[in-house]
Every structure is written in structure tokens, then in C-alpha cells.
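What follows is a single structure, written as C-alpha cells, with notes after it.
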Amino acid sequence: MAALLSLTALALLGGSVSAQTFQGTAQGGFPDCVNGPLSNNTVCDKSADPIARARALVSAFTVAEKLNLTGNNSPGVPRLGLPIYQWWNEALHGVAESPGVTFNATGEFRYATSFPQPITMGAAFDDELITAVAEIVSTEARAFNNHGRAGLDFWTPNINPYRDPRWGRGQETPGEDSFHLSSYVHALILGLQGGEDPEIRKVTATCKHFAGYDIESWNGNLRYQNDVQISQRDLVEYYLPSFRSCARDSNVGAFMCTYSALNGVPTCADPWLLNDVLREHWGWTNEEQWVTSDCDSIQNIYLPHNFSDTRQGAAAAALNAGTDLDCGTYYQHHLPQAYSEGLINQTTVDQSLLRLYTSLVRTGYFDGPDAMYRNLTFSDVSTPHAQQVALTAAEEGIVLLKNDGLLPLTVTNSTKIAVIGDWANATQQMIGNYFGVPPYLHSPLYAAQQSGAQIFNAGGPGGQGDPTTDHWLPMWTAAEKADIIIYAGGLDISVEAEGMDRETIHWTGAQLDAIGELASYGKPTIVAQMGDQLDNTPLLQNSNISALLWGGYPGQDGGVALFNIITGKTAPAGRLPVTQYPAHYVADIPMTDMTLRPNETTGSPGRTYKWYNGTAVFEFGYGMHYTNFTADVSPMAASSYDIAALTSNCNETYKDKCAFESVSVNVHNTGSVSSDYVTLGFLAGQFGPSPYPKKSLVSYQRLHSIAGGASATATLNLTLGSLARIDDVGNTVLYPGDYALMIDTMPEKTMVNFTLTGSPVTLDLWPQPPSGGPTIPPSDYFYGGYGSRGEFPIAATTEVLEPEE
Ligand SMILES: O=[N+]([O-])c1ccc(O[C@@H]2O[C@@H](CO)[C@H](O)[C@H]2O)cc1
């Protein structure tokens, strides 16, 4: 009879299998490659090829052991001295609490650096910053791993584009633009994994959620159940580029599929998506890189998707499609049955385990105590450098949206400032979701108090819905005593988070009432809008509000960053990474409409800056400075280019990666304040299939500290892919037509025109799904069979089947 072991029992097993074990932690330490049972196995031979090493290990497992190694709670193989291993580790914006990551209550490893949420770091438009952040995260992750407090793979980044302003997890992403996401994620993976293709991978990053996942719970549509309908054109143009960047261009170690189904097929059971697109079309290797399910999404293939009639059928469908690891227990429970029924074979199981263990080999897991990164300790965590980068990341991501000249604020000992609002004394709010324990949390109030000014503080109106006003009096008292009023408020993760989409993008609760009354004092008033975007129209229309800043979730030093910007210690240069829509947008289009272009039949006004046909409150890319800039583009090499010549001169395997032109942009600071400047390059033109995007971001570069009166040069590298558009079936095509390159936004600072001549050329032929596209009409967004068995949800079991030997 097969024995059932509880996870607790499995965790205890670690003590008997591992050379180094860490009592009370989720990880089992490293295998003993010197004296342990594996010491003569090739997996312990550092000079052997990583794949051969992993293959030797996998061939030492029995079938029962193999099947039991397919869940995130890996029990290891005690008889071989293979320790338990927890694959589920998180590090969205710093090493984060998760099943595989544990923080100590006191002493060493009680904290890790907590950077801003990606939505704030996205606003920095600074890829070098992102690599620097990721290098710190991976260093700290390694230090945690060395002490049994984290694994070696991390389920980050979340790079689903922030398509709809209601999405509760938009804060986890760098924004709405697919080119921006692709560039950002490349920089991030470089820092997390320790290079393009390092001999020893620092940590394995995981691009999630592949693909088309961006609804939590909206109008009864749950993420576990949704069957999103996306055309091939929209997939290639918008939903997939960031994932292509991960797989094809950044060599990321792992992917995660989604809870939802895409065009009728749950993504974790979709061989077209996981094999034809990911592995074959994007050249993601078969032996080294693995796909994990989302947590319990294998179970969702059975229910509520009803994609398989049996539980073992659901598990087999996922494994056979290319989902190598189950975050959950469905594989461990049901693959034995699937195996005995012949639904899966050993070759497929071996392939998945080979991918998983090659990834551990690549991180030096079997290389002993002298391996690279093993010397990292708690002294490498939260270093002065890490603290500085966390502050810089927050400063770079803050966006100035309105300023009548009040900012930067001069602060002296006699300045009287009221710091009011639900975010005035924000601590935990600043780090959003997927957090660890930060070394400190410096609130706006803390930062204001450090400035030497006289500070009067009051909490806010209870911004997320408190209907009472009996605690409002301190707001008026503080405002009356002060000369300047700062209101810090907005959203927090009590209303936007995983499992929770928003219904409104209005300011929440009674905040507008409170802000309006504060502004009516007639004193200079500044609003810091935190959390994700809200319709700020009322604040723009109120002439008593002098300045408005957006800060998102700015991390452990967010308050200091905000105050540094307000006082001009640091000049603002962040740009909105998403469109700020008017509040009626959410009534104009259901969240479940995945289409991007305006549509007269459905009434959709379109999505993102590329297609929205209404008037945005603030455009994607908007951001003010404390100075003025001009930007002049150097002439292109030609005014007309022949498509045939461009493509025949291109020797890349993937033609869209071929260089087109490097455009120099001379940026001149015409004011007196030293400031960063984000150079955004957009391409526009009426070519390819209509309706055309209004413009598309094709390159960006953040220039640093340009002194007043000085100039700096940005280089915008354009590729053939920058010029291409996507046809109706997803092919990437270069079309003849008139093109315009624009710098900056609102208003464009400069424009260069050029022409492409000749016949269209396909740069990338898209692999069609077997069905040839969506089978469900766009009006029927969701799978009809939801809950038809009446069994959903099934509680996840905490027991793991240990098959017989
Ligand atoms: O059961 N839980 O505690 C639990 C917690 C988080 C959770 O979310 C999923 O797990 C994350 C794994 O990285 C994915 O990004 C997210 O979709 C799914 C399940």
C-alpha cells in the first residue's frame, strides 16, 4: 500500500537526508556530494555537462520517486541523500515570505531589502536601475539560500501587461506597454540570473503568468474559471512580447502557466502554447528550462474548467502539454494513476525532471560549499548600497503630474507643514503585496520630521470606505496650524490585490471630500497619490491644489523618496507607465473584453495609449520636471529605406532583432535645475492592417543628472521589429509606408519622418493554434461548463502520496 506522508513529516525527513539541514525551515539544505549516497553519481561531477549531470540523477530514481518529485513540496529522495526542496519561492521586489522563504523572528535573516513595487520601478524607465535592483535581490536570495531560508528558484517576475486599470495585480507589473515590459524584464532577468547565460546561474527566475492572465475576480468572473478570448494578432502584438523577451531573448530558467484558459484551453494543458510557441518557436531549450503550474491550477483543469473528465486525466493533460512542475499536490496524487492507466509515460516524466534538476545543477546546488555564491551571508543583506538603490528606485519612479510652481518646496525650521492622510504615516502600505520583512519602513511623516520643519500630522478619512467623520477633526486642526498642506492617500492593498479587482477608478471613500476641504483653506496644498491610478480630474480642476505627485508603492524608503522629491533634493523625472483613464472608462468596457482596439459594435473605446480613443486624464509616458528640456533628433541615415534590402542585410535568426538605426537624441536642459530625463521614442504611421495603433513605444533611455544649461545624448536603438506590425493571424510583417519617429509625449518634442518602400516582408511566421483561433464568439467570454459538477472548489490537500517502491 502506498503510504501517505504529511508535509510536516516530509519536512522532518530533511534532517536525515541532508548534509546541511536547517531546522524549522522549508528548505532541506544541500546534497552531500562528498560523503553522501550521490557522491559517485555524475550529478556530483562538477566537470560534467549540466544536462548529463541531471540525467544521471534522474536515472537513479524509481518511477514512484519520480512521480513524487513533481510537486512544489519536493520530498527529495532520502535513500539517495537528495534533500527536500521547496520550489515555491517569491521575490517580486525583494526576497519575500513564501512557502520556500522564511524570515527569522530575530537575529540574522530577519529582514531583506524591500524595493518599490514594479509599477513604481516601471515608472523610472531605467533598465540599468532594474538590473542593479535585481542583482541585489539575487544576492540577498543567495544569502538566504545559504542559510536554508530560501530556494534557488524564484517565481518572479509577473509580466502580464497591465491591460485594464481595475486589475488588482497591476502593481506587480511594470505597466501597460509590451515593449516597455520586454525591455524591463530583460534587464531584470540579467540581474536575477547573473548574466545572459552564466556558467553558474545566480537564481532561476520565472516569467509568469503565461499567458493572457489579468483578471482576478470581476463581476463574478474568477481567475480559476476564466476562458479568455484573444485573437492571434492581439496575442502577438500585446500579450506575448514580454514572454518572448524572457524565453527567446533573456534565457530565463522557468515559466509559469495560468489559472485561466486561453481560447478554450487551460494554459497549463495547452501543448500549442507550451510547446509550439514557447519551446519550439522561441527556441526555449527542452532539457534545461521548466514550466510550473500556478498554485493549484492543475486542479482547475479538472474543475472548474472541466477540460478533463478525470483528475488523473487533468494531471496527464498538463504534464503531456509541458507543465513540468505542479504548484500543488495534484501531480503527486494523480500521476501514479495516470501512469498506471497509460495516460503518461516515463519519458515525459523524465523530461520534466531533467529540466527541473538541470536548473538546480546550473545554480551549483550539487557543487559543494566552494561553489560560487556560497560565501554570501547576512552581511550581504541590506547593505548601504542596497539601501541607497531602494531609495533611488523610489525617487526615480515618482511622477510629477501637476505643479503650479510651488514645488520644489523650500523647507526651513520655521516652515509649518501638515502631513495628513491615510498614507501620511504609511509603513506596510508602501510595500504592496508579495513582501518580505524590510529592514525599516520610512513613512512620509518620518521623512517630513527629519527635514527640520514643524510638522503637524493627522490620519486620513479612512480612504478605503470608512463612512464616519468623527475622526476628521485632527485633519482640520493640523491644517489650521500649518502653512503648507500635504495630503498623502489613494489606494492600498486592502482594495487592490491578488484575488481582488477594482470596480471603480474614482478616488475611494471620502478622500475627495477631505482633500477638497483641506484645499479650501487656501494654503499651498500638495497631494501625493499612492497606489495605482485613480481619475485625478477633480484635483486638476481644483486651483487650490498646487501640486500632484503619483508614487505607487515606493518600498521601504518611500516616504523619504517622496519628501526628497517634494523638497527638490531629487528632481522628479518618472513617467506614467500606464494610461490614467477618466472614471467612466470602467463603464465603457467590461474588464473581460480582452480586445485592444476600439470597436463600434461593442462600444469599446480601446485600451492603452495605443488604441484608447477617448481623452486620457494623463497619457502613458506623462511626467513633469522642475526644469524644461528640448530634444533634437539627429537625422536618420536616409529618408527612404527599401524593405528587401533591409531584410536581406539581416543575419539574425529572428529577423525582428536585426538592427535598423541607432538614433541619437540631443537632450538639452534649458532651465536651471539639474534633472534626469527619460527619452521616450514612439513610432507612428498608417501602414499595415488597420485600425493602426496611434503610436508605439520602440525605445527609451533615462539620462541622469543633466545640469541646468547642459546637454546629454540618448541613443535610441531601433530594430526591424520596431518598424513591424502584426497581421490578422499573428505574423510579424514589415510594411511599406510613411513612418514617423516621435520623441516624448504630450506634446511630442520632435519628429523624424521616413519611408519604407517595396513589398511587405514577413519577419516572423506565427505558429497557428490547432483550432486556428478562438472558437467561442467574443460575446460569450466564459466557459459555459463552470461548476457543472457542483464540486468546486476542492480544498487543496496537504498530504503527499508516497508511491510504493
Ligand atoms: O494558497 N495560497 O496561499 C496561495 C497564495 C498565492 C497564490 O497566488 C498564486 O501563486 C503565485 C505563485 O507565484 C502566483 O503568482 C499567484 O497567481 C495562490 C495560492
Report the residues of the stretch 142-164 in range of a label on HIS385: point 7 Å along Cα→C-beta, backbone N strictly under 17 Å from it.
142-144
Averaged per residue, the 1.4 Å probe accessible area of the stretch 224-312, protein heavy atoms only, in Å², is roughly 20 Å²
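Taking R0 as 30 Å, what's the FRET efficiency between ASP470 and GLN428 from their Cβ-Cβ distance, rounded to 0.05?
0.75
Could you provide, to the nearest whole Å², the per residue accessible area of the stretch 608-714 with probe 1.4 Å?
Result: 41 Å² of accessible area for each residue.
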For the stretch 327-436, evaluate the Debye formula with one uniform point scatterer on each Cα (no solvent term) and list log10 I(q)/I(0) at q = 0.11, 0.19, 0.22, 0.23 Å⁻¹, rounded to two decimals.
-0.78, -1.21, -1.32, -1.34
Going by alpha carbons, how many degrees (0 to 90, nearest 10) lie between the helix axis of 384-397 and the longest principal axis of the chain?
60 degrees
Scattering from the C-alpha atoms of the stretch 96-224 alone, worked out with Debye: what is log10 I(q)/I(0) at q = 0.10, 0.19, 0.21 1/Å?
-0.35, -1.10, -1.24
Before I look further, what does the stretch 412-551 give for accessible area per residue, probe 1.4 Å, in whole square angstrom?
36 Å²
Mean projected area in nm² (Cα convex hull; one quarter of hull surface) for the chain
33.6 nm²
When the helix-only estimate is applied to the chain (DSSP H runs of n ≥ 4, each -39,500 (n - 2.57), divided by the residue count), what is the mean residue ellipticity at 222 nm, nearest 500 deg cm²/dmol?
-6500 deg cm²/dmol
Just to confirm the number: angle between the C-alpha axis of helix 311-321 and the first principal axis of the chain, 0 to 90 degrees, nearest 10?
70 degrees
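When a/c reaches 1.5 or more, the comparison of a/b and b/c decides; with that in mind, is the stretch 141-283 rounded, prolate or oblate per its Cα gyration tensor?
prolate
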So for the pair PHE103, GLU480, with labels modelled 7 Å out along Cα→Cβ, what separation do we get in nm?
4.0 nm
Angle between the Cα long axis of helix 50-59 and the longest principal axis of the chain, 0 to 90 degrees, nearest 10?
50 degrees
Can you give the % of DSSP beta bridges in the stretch 384-588 that are antiparallel, to the nearest 5?
20 percent
Longer than 23 Å from Cα to Cα, which of LYS208/LYS655; LYS66/LYS202; LYS416/LYS569 are they? Say none if no pair is.
LYS208/LYS655; LYS66/LYS202
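Kindly identify the stretch 403-525 as rounded, prolate or oblate by the Cα gyration tensor criterion: order the square roots of the eigenvalues as a ≥ b ≥ c, call it rounded if a/c is under 1.5, otherwise compare a/b with b/c, prolate if a/b is larger, else oblate.
Oblate is the answer for the stretch 403-525, as a/c is 1.5 or above yet b/c matches or exceeds a/b.
Using only the Cα atoms of the stretch 384-588, construct the convex hull and provide its projected area averaged over every direction, in square nanometres to one decimal.
On the way: hull surface 45.6 nm².
Taking a quarter of the hull surface, the average projection is 11.4 nm².
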Among beta bridges that DSSP assigns inside the chain, antiparallel share in %, nearest 5:
60 percent
For 675-681, 376-382, ranked highest to lowest by mean beta-carbon neighbours within 10 Å, the order is 675-681, 376-382
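Relative contact order, percent, of the chain when contacts are C-alpha pairs under 8 Å separated by at least 6 residues?
On the way: 2054 pairs, mean separation 123.1, N = 805.
Taking the mean separation of contacting Cα pairs over the length of the chain, I get 15 percent.
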Could you tell me the ratio Rg/Rh of the stretch 284-348? Both radii from Cα atoms, Rh via Kirkwood.
0.96
Mean projection area, nm², convex hull over Cα of the stretch 18-119
8.6 nm²
Positive end of the dipole of the stretch 629-764, charges at C-beta (+1 Lys, Arg; -1 Asp, Glu), about the Cα centre: which of HIS704, ALA631, TYR641 has its Cα farthest in that direction?
HIS704
Hull volume per residue for the stretch 482-582, using the convex hull of the C-alpha atoms, in Å³ is 119 Å³
Under a Cβ-Cβ cut-off of 15 Å, what is the net charge of the residues other than SER640 that fall near it, where Lys and Arg count +1 and Asp and Glu count -1?
-3
Could you give the length gained on full extension between LYS657 and THR715, defined as 0.36 nm per residue of separation minus the Cα-Cα distance, in nm?
19.2 nm
What size of dipole, in debye to the nearest 20, comes out for the stretch 629-764 about its Cα centre when the only charges are +1 on Lys and Arg C-beta atoms and -1 on Asp and Glu C-beta atoms?
200 debye
Indicate the gyration tensor shape class of the stretch 629-764 (rounded, prolate or oblate), computed on the Cα atoms with a ≥ b ≥ c the square roots of the eigenvalues: a/c under 1.5 is rounded; otherwise a/b larger than b/c is prolate and the rest oblate.
prolate
Percent relative contact order for the stretch 658-743, counting Cα pairs under 8 Å at least six residues apart, stands at 41 percent
Within the chain, what whole-number % of the accessible surface is contributed by carbon and sulfur, with the 1.4 Å probe and all protein chains included in the calculation?
50 percent
Sort 442-454, 28-40, 468-480 for me by packing, meaning the mean count of neighbouring Cβ atoms within 10 Å per residue, highest on top.
442-454, 28-40, 468-480
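The values are calculated or read from the model by the stated rules, or taken from the named source; none is laboratory data. Since this is a predicted model, take the numbers as computed values, not measurements. Heads up, the Cβs are rebuilt from the backbone with ideal geometry, glycines too, and the neighbour counts pull from every protein chain shown. We work out accessible area using only protein heavy atoms, side chains counted, and drop any ligands, DNA or RNA first. Shrake-Rupley method; radii C 1.70, N 1.55, O 1.52, S 1.80 Å.
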